[in-house]
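The values are calculated or read from the model by the stated rules, or taken from the named source; none is laboratory data. The structure displayed is predicted, hence computed values, not measured ones. Glycine also receives a Cβ, built like all others from the backbone with ideal geometry; neighbour counts cover every protein chain displayed. Areas reflect the complete protein model, heavy atoms only, side chains present, ligands, DNA and RNA absent. Shrake-Rupley method; radii C 1.70, N 1.55, O 1.52, S 1.80 Å.
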Amino acid sequence: MSHKSSKVIKKVNVSSSLESEDISLETTVPTDDVSSSEEREGTVKITKQLIERKELLHNLQLLKIELSQKNLMIDNLKVEYLTKIEELEEKLNDAIHQKQLLSLRLDSQLALQQEDARKHQALMKQEMETILLRQKQLEETNYQLRERAGDIRRSLRDLELTDECYEKLKSLPEDQLSIPEYVSVRFYEVVHSLRRELSDLQMKKESLTEELSGYRSQLKCLTESYEDERRSRSELEVRCQRLTLELADTKQLIQQGDYRQQNYDKVKCERDVFEHELSELRRNHEVLEMSYKTQTKERNDLAKELATIQQSLNLLQKDKDYLNRQNMELSVRCAHEEDRLERLQIQLEDAKKAREEMYEKYVTSRQVIVYHYKAEYEKRLHEELEQIRLKTNQEIEQLRSTSKEMYERENR
């Protein structure tokens, strides 16, 4: 590239020199012509054509000067571009060299990474084999635990006990009892107390229904008596109105004549008798109204008590059903949690065994890799053991709280 650029520079210099020679020749030619014409003609008049020709020559000289300046500018630009091209070629060579270095470095790194990946793949393959073995062991233990759970579920079906069996099992300590026996004892205690309460409530309900029937019969008798008295009162009111009318007629008769003087004693006696009868009827009416109000009040109170007793009986029945369901659910959950606890303990033992095996495998490898993977594995194992311990503690606490709530509910 440098050789080519030197050739181009030489060509540019030759062309510029030729053009400058042409310009110098052309500039000298018109001056010679003008001087010769002046010498030949002298005082000859300058014609119009000569003036135009001189102007054209002058313009041509100006254009040639501008052309030479532009050629110089083009040459300078060519030189600048050639220098830039050389610099870019040098940068390109440097970039190619760096590319070659980077490709060599990349090949070496790829070889190292492939080797590391191969080692990592071998380790992962070993870990997968250990995981598959552990999975098979866990599936076998899961199958065994399912069989045990089915046996426990079948054993927890018949939970009802007789009084003699309950006394025998209650005399034994809780450590010697099996899970079905313990659950059946707790179930008998809860159900027996609820049955006693239910029988008491049924007896109370029967007594209250008898009292309610008696009160209803009394209320019926009182309503009948009240109707009789109301009819008698209406008759007395009619009689009283009739007597008031007769009294008004007698008053008119008294006003008309001396009837008052003749029948004064008779009318006074009749009036006194009627007033006495009216006062007695009013008193009887007030007594009957008071008794009717008391009877209605007692009837409403009895109806309210009966409704509250019926509602409490329904609530007790619902509590009994709920406690039975909750007892069954808690027994099933207890069995599941115990199975899960045993399963977690087995997993913990398997994890300890796997930890020992991995420790023995990593001892045979290099020191740095052993330390790194050992620390990572122990950290992961410690986290798993901590999570398992926390889960077991939480589940035991939940079982304790649920059993405590069940006992408190039973005591209530």
Single unsatisfied condition, K297 versus (1) open to solvent by less than 80 Å² (accessible area, probe 1.4 Å); (2) at pLDDT 85 or above | (1)
Sole exception among (1) among the aliphatic types (A, V, I, L, M); (2) open to solvent by less than 60 Å² (accessible area, probe 1.4 Å); (3) more than 27 Å from R325 (Cβ to Cβ) for L172, by number | (2)
Test: residue in segment 355-375 that is more than 30 Å from L201 (Cβ to Cβ), at pLDDT 80 or above and among the aliphatic types (A, V, I, L, M) | no
Please go through segment 193-208 and pick out each residue that is in contact (Cβ under 8 Å) with a residue 12 or more places away in the chain and open to solvent by 50 Å² or more (accessible area, probe 1.4 Å).
-> E197, K204, K205
Return the pairs, sorted by first residue and then second, in which the second residue is surrounded by 12 or more Cβ atoms within 10 Å (Cβ to Cβ) and in a helix (DSSP H, G or I), the first residue lies in segment 398-412 and is touching a residue at least 60 places away in the same chain (Cβ under 8 Å) and of a type in the set (G, A, S), the beta carbons are less than 9 Å apart, and the residues are 6+ apart or on different chains.
-> S403/L330; S403/C334
Only one residue in E115, E129 is surrounded by fewer than 11 Cβ atoms within 10 Å (Cβ to Cβ) and either under 45 Å from the mean Cα position of the chain (by Cα) or not in a helix (DSSP H, G or I) (or both). Which one?
-> E129
